[in-house]
Amino acid sequence: MVDPRFFPAQGPFDLAALAGIAHAETGGADAAGRAFVDVAPLDAAGPDHVSFLDNRKYVGAFTESAAGACLVHPDLADRAPAGMALLITRDPYRAYALVAQAFHPFDAVEPGLSPAAHIDPAADVDATARVDCGAVVGAGASIGPRSHVMANAYVGPGVRLGADCRVGPGATLQCCLIDDRVILHPGVRIGQDGFGFALGGQGHEKVPQLGRVLIGHDVEIGANSTIDRGTGPDTEIGPGTKIDNLVQIGHNVRLGRGCVVVAQVGISGSTVVGDFAMLGGQAGLAGHLSIGAGARVAAQSGLMRDVPPGTTVAGSPALPAKEHWRQQAALSKLVKRR
Amino acid sequence: MVDPRFFPAQGPFDLAALAGIAHAETGGADAAGRAFVDVAPLDAAGPDHVSFLDNRKYVGAFTESAAGACLVHPDLADRAPAGMALLITRDPYRAYALVAQAFHPFDAVEPGLSPAAHIDPAADVDATARVDCGAVVGAGASIGPRSHVMANAYVGPGVRLGADCRVGPGATLQCCLIDDRVILHPGVRIGQDGFGFALGGQGHEKVPQLGRVLIGHDVEIGANSTIDRGTGPDTEIGPGTKIDNLVQIGHNVRLGRGCVVVAQVGISGSTVVGDFAMLGGQAGLAGHLSIGAGARVAAQSGLMRDVPPGTTVAGSPALPAKEHWRQQAALSKLVKRR
Amino acid sequence: MVDPRFFPAQGPFDLAALAGIAHAETGGADAAGRAFVDVAPLDAAGPDHVSFLDNRKYVGAFTESAAGACLVHPDLADRAPAGMALLITRDPYRAYALVAQAFHPFDAVEPGLSPAAHIDPAADVDATARVDCGAVVGAGASIGPRSHVMANAYVGPGVRLGADCRVGPGATLQCCLIDDRVILHPGVRIGQDGFGFALGGQGHEKVPQLGRVLIGHDVEIGANSTIDRGTGPDTEIGPGTKIDNLVQIGHNVRLGRGCVVVAQVGISGSTVVGDFAMLGGQAGLAGHLSIGAGARVAAQSGLMRDVPPGTTVAGSPALPAKEHWRQQAALSKLVKRR
């Protein structure tokens, strides 16, 4: 059950209100006069909770759940136990996201500048923004409406942060321009010098990195991920792209809109990734590649060549996924034959 | 030799005291009246140092060592040079750990709250705890006896930290409950939102993450590792589990007791790892897997299936280790035959 | 074009001055009386910019560039468009580094201790050094001339930092001695306990880590990388070695001079890497290995054996690169034959 110490719930809501929030049809047992106080998983929910069924694997838990209401696909609605009210939708997981957001809205930010924050007089912090203790906002930086810079974060000189952003504790931002509704988790590092050297047998000469990092609306970047600034061109993260923890993004990389980058991926300098591409965990991309829109890269893949739009690749070195799996099967047979 | 600037030694100890500390038998040269001032490696030790022999590879260094005393397995005791006192034990490395701890006890914490710490009036900090400058302790958080929150660390609202814990500089804790004797290294990130989205071609909807992170007694977590909080269920790290640097642990993951997780491992959401499993460096585990107790996962493996208890797997995709190595051998022969 | 908000340019410089900076010969169009105000890429440069051609792939952009001057190899000088002044050199990229440094010198540090820094009275901070707000300098630590400790960084007790170093925001240093001109990016973790345990079925005993981290002149370490201190011997990073982001270096590792370690590499304990070795991204090195001078390790390789000097290895497990690629080719044929 949700721990109210960390996640106090809004509400309660009745079924009609939830149906509106979830863009769902009501069905199942009559819920007139009933109030729902929170979300809960199928196996933990009680009569005043709302649950969801997203995966057929859990139909058993659904049929046995004591949840008072449940978000469910129309094809599975007739499997509901007696007494369960239904919120019927073709996308129960997305509907769950909306219902859970209603019970647990993302923190409304209480404006204010901590007296223990270090805000340069030449910074421009919106009156509705919040800056917590130990946070630093440099000269010429700007913090947009309702944005929240958490404790001990660092917003360097000239950085622009849009509206409704959250900068997690201990994150550091340099040389970057950030749009609205961007979430940066703790320890994110944005805009430091990329790894740029003129290599040589007598020593490596540091090349000034003169580009920025540009981050679009609605981007989320996971804890301790690192995004280097460009060398002259910029590093760019397109709107709606979601990046998990411990991801490395090199200088001049450009990610399109709506990309999904799973934990511990590394993208080398100047590689371009198209809209809505998905990169599995620990995948590594060489530099100067072009990954097409909608491409899918399996976890731990190692990419040394361009990937056409909409295709799936796997393996290290990465191949079209079917070819990779055929090779694995052939290798397996080779051993068994002996 | 140990640098006293960083590691001042307790002691000295005589051989009998060391035998008691190490649960060892004495032997070898007579050490009556001799005092030992510190530990040192075999090749650097002098007559007032204690060394250890753990690996047969170093028998040569042992026979030539000037160490005054040495921890050694009974089978190798007769290889000791003349003049060396012996501390005979079947587990010399563990015995060394105890002896080294005697000379270099883990910091006893001097209680006190830095005037430059930011402690919410509604936090509950034990009178014997220590909170250093720039550290933040949020409302409703509690810090147990003798625990030490180092500089610029962040202990978020409601977080519970047990007794004798250490939170390294710049670490951040949110939405978590932590038991006793837990060591969190610098830059550890615990309890931020997991990577939870209802993915969609028009954009990805953020799903509220309503679980916590529960960390058992005697856990250690390495620098810059990240552990996301659960989605509703909790993320759990069992007692005595040791996690190295730059490890990623996704939401709802459960690690059992005494697991060993080497650097840069990534564990995807909802995977369960049994007691005393060992995960080699850079291994990647897909989500929703079950890894049995005592399983061993080779470095850089990529796990896409469950692993039975007590088995060893290797490769990406991971196979039973013998099968993986047979495949590698077959591939090698295939090339040589041509 | 370079954003003056972040990167104000020095200069302007005339062609003769640039030739001196770049150790280049002048050529091409007459540049008498012309002044150059900044660097820019070939496709963005105008008549008052200096550009460079390093890669034959971009000869087309070179012939069409409006750059007023360009750094170019003698073999390609005759492809320059009319009106372009030339700076002719056999190493245009290194020359570009020098010219870009002239326009954008690495921050000259304005000395001063922020009143919001936490500097122990027993620390020794040079009068020309700079310590920013929220940074911590412990007892017995020393900060050399013109070194800059940025906001919320932590320099632990006894740490020695040489001259002209930069410690990025939120970085943490413990138990280490650092030479001159070392750059540590944000979130770097140096000198925490290594992952040292006497493993056992009843629990893992922590082994005190009594060595330091020694870092040579001109080293650069990327954001959120982690370097553990030695167990008794030291961990050592040789002069001029460059380490990218999110790299893990275990206890007792020794890197020689001028090594290049790309992002997300992991090096296990006690491995020794020779001078000017190059480790590709996400490579993993087992412990106690010896990697020869000038060796090259392909991205994502997994090293379980020593690597002779000057050789190239690839694959996981790593093999001599040619053998690895032959195996990949054989595997590919095997599938196609069926």
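Some observations on this one:
- Given (1) open to solvent by 20 Å² or more (accessible area, probe 1.4 Å); (2) closer than 30 Å to B:Ala163 by Cβ, number of the condition B:Pro47 does not satisfy: (2)
Yes/no matrix, rows are residues, columns are (1) over 20 Å from A:Ser225 (Cα atoms); (2) touching a residue at least 24 places away in the same chain (Cβ under 8 Å); (3) among the basic types (Lys, Arg):
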{"residue": "A:Ala129", "(1), (2), (3)": "yes, no, no"}
{"residue": "A:Ala141", "(1), (2), (3)": "yes, no, no"}
{"residue": "A:Gly144", "(1), (2), (3)": "yes, yes, no"}
{"residue": "A:His148", "(1), (2), (3)": "no, yes, no"}
{"residue": "A:Pro157", "(1), (2), (3)": "yes, yes, no"}
{"residue": "A:Cys175", "(1), (2), (3)": "no, yes, no"}
{"residue": "A:Gly191", "(1), (2), (3)": "no, yes, no"}
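- Within the range A:302-338, being aliphatic (A, V, I, L, M) and either without any contact (Cβ under 8 Å) to a residue 12 or more places away in the chain or in contact with a Ser or Thr (Cβ under 7 Å, 6 or more places away or on another chain) (or both) holds for A:Val313, A:Ala314, A:Ala318, A:Leu319, A:Ala321, A:Ala329, A:Ala330, A:Leu331, A:Leu334, A:Val335.
- Test result for A:Phe6, of a type in the set (Phe, Trp, Tyr), within 19 Å of B:Pro208 (Cα to Cα) and surrounded by fewer than 21 Cβ atoms within 10 Å (Cβ to Cβ): no
- Scanning the range C:218-253 for residues that are of a type in the set (S, T, N, Q) and without any contact (Cβ under 8 Å) to a residue 24 or more places away in the chain yields a total of 1.
- Condition met for B:Ala139 (touching an Asp or Glu at 6+ places or on another chain (Cβ under 6 Å) and modelled with pLDDT of 95 or more): yes
- Where A:Gly134 falls short, out of the listed (1) in a loop (DSSP other than H, G, I, E, B); (2) open to solvent by 20 Å² or more (accessible area, probe 1.4 Å): (2)
- When the criteria are applied in full, A:Arg94 fails the requirement of being farther than 25 Å from A:Gly230 by Cβ, in a loop (DSSP other than H, G, I, E, B), under 22 Å from the mean Cα position of the chain (by Cα) and not hydroxyl-bearing (Ser, Thr, Tyr).
- Matching residues in the range C:159-181 - criterion: being surrounded by 24 or more Cβ atoms within 10 Å (Cβ to Cβ), out of contact with any Ser or Thr (no Cβ under 9 Å at 6 or more places or on another chain) and assigned to a loop (DSSP other than H, G, I, E, B): C:Ala171, C:Gln174, C:Cys175
- Count of residues meeting criterion [assigned to a helix (DSSP H, G or I), open to solvent by 40 Å² or more (accessible area, probe 1.4 Å), more than 9 Å from chain A (Cβ to nearest Cβ) and within 20 Å of A:Gly315 (Cα to Cα)] in the range B:316-327: 1
- Taken together, A:Leu53, A:Leu15, A:Leu113, A:Leu87 contain a single residue that is surrounded by 15 or more Cβ atoms within 10 Å (Cβ to Cβ), at pLDDT 95 or above and closer than 30 Å to A:Thr172 by Cα, which is A:Leu113.
- Meets criteria (open to solvent by less than 40 Å² (accessible area, probe 1.4 Å), in contact with a Lys or Arg (Cβ under 7 Å, 6 or more places away or on another chain) and not in a loop (DSSP other than H, G, I, E, B)) for A:Val335: yes
- For the range A:151-180, the set of residues classified as basic (Lys, Arg) and farther than 22 Å from B:Gly134 by Cβ consists of A:Arg160 only.
- Restricting the range B:220-235 to residues that are more than 10 Å from chain C (Cβ to nearest Cβ) and part of a loop (DSSP other than H, G, I, E, B), the residue that is most open to solvent (accessible area, probe 1.4 Å) is B:Pro233.
- Of all residues in the range B:194-215, exactly one satisfies the criterion of being open to solvent by 10 Å² or more (accessible area, probe 1.4 Å), more than 7 Å from chain A (Cβ to nearest Cβ) and either at pLDDT below 95 or assigned to a loop (DSSP other than H, G, I, E, B) (or both), namely B:Gln202.
- Counted residues, the range B:295-315 - those being within 12 Å of chain C (Cβ to nearest Cβ), in a loop (DSSP other than H, G, I, E, B) and within 20 Å of B:Asp244 (Cα to Cα): 4
- Of the residues making up the range C:249-299, those that are more than 16 Å from C:Pro233 (Cα to Cα), within 14 Å of the chain's Cα centre (by Cα) and open to solvent by less than 20 Å² (accessible area, probe 1.4 Å) are C:Gly258, C:Cys259, C:Val260, C:Val261, C:Ala263, C:Gln264, C:Val265, C:Ala277, C:Leu279, C:Gly280, C:Gly281.
- Of all residues in the range C:91-110, those satisfying the criterion of being touching a strand residue (DSSP E or B) at 6+ places or on another chain (Cβ under 9 Å), of a type outside the set (Val, Ile, Thr) and open to solvent by 30 Å² or more (accessible area, probe 1.4 Å) are C:Asp91, C:Tyr93, C:Arg94, C:Leu98, C:Gln101, C:Phe106, C:Asp107, C:Glu110.
- The residues in the range A:302-315 that are surrounded by fewer than 15 Cβ atoms within 10 Å (Cβ to Cβ) and small (Gly, Ala, Ser) can be counted, and the count is 1.
- Residue that is surrounded by the most Cβ atoms within 10 Å (Cβ to Cβ) [pool: residues in the range A:58-76 that are more than 29 Å from the chain's Cα centre (by Cα), without any contact (Cβ under 8 Å) to a residue 24 or more places away in the chain and within 17 Å of A:Glu25 (Cα to Cα)]: A:Leu76
- Matching option when the condition is under 20 Å from A:Phe106 (Cα atoms), among the small types (Gly, Ala, Ser) and touching a residue at least 60 places away in the same chain (Cβ under 8 Å), among A:Ala24, A:Ala95: A:Ala95
- Total residues in the range B:235-251, condition under 16 Å from B:Gly284 (Cα atoms) and of a type in the set (S, T, N, Q): 2
- Among the residues of the range B:266-294, those identified as within 14 Å of chain C (Cβ to nearest Cβ) and either part of a loop (DSSP other than H, G, I, E, B) or in contact (Cβ under 8 Å) with a residue 24 or more places away in the chain (or both) are B:Gly274, B:Asp275, B:Phe276, B:Ala277, B:Gly280, B:Gly281, B:Gln282, B:Ala283, B:Gly284, B:Ala293, B:Gly294.
The values are calculated or read from the model by the stated rules, or taken from the named source; none is laboratory data. A quick note: this is a predicted structure, and the numbers were derived from the prediction, not measured. With ideal geometry, Cβ positions are generated from the backbone for all residues, glycine too; neighbour counts draw on all protein chains shown. Note: accessible area is taken over every heavy atom of the protein model, side chains too, but ligands, DNA and RNA are not part of it. Shrake-Rupley method; radii C 1.70, N 1.55, O 1.52, S 1.80 Å.
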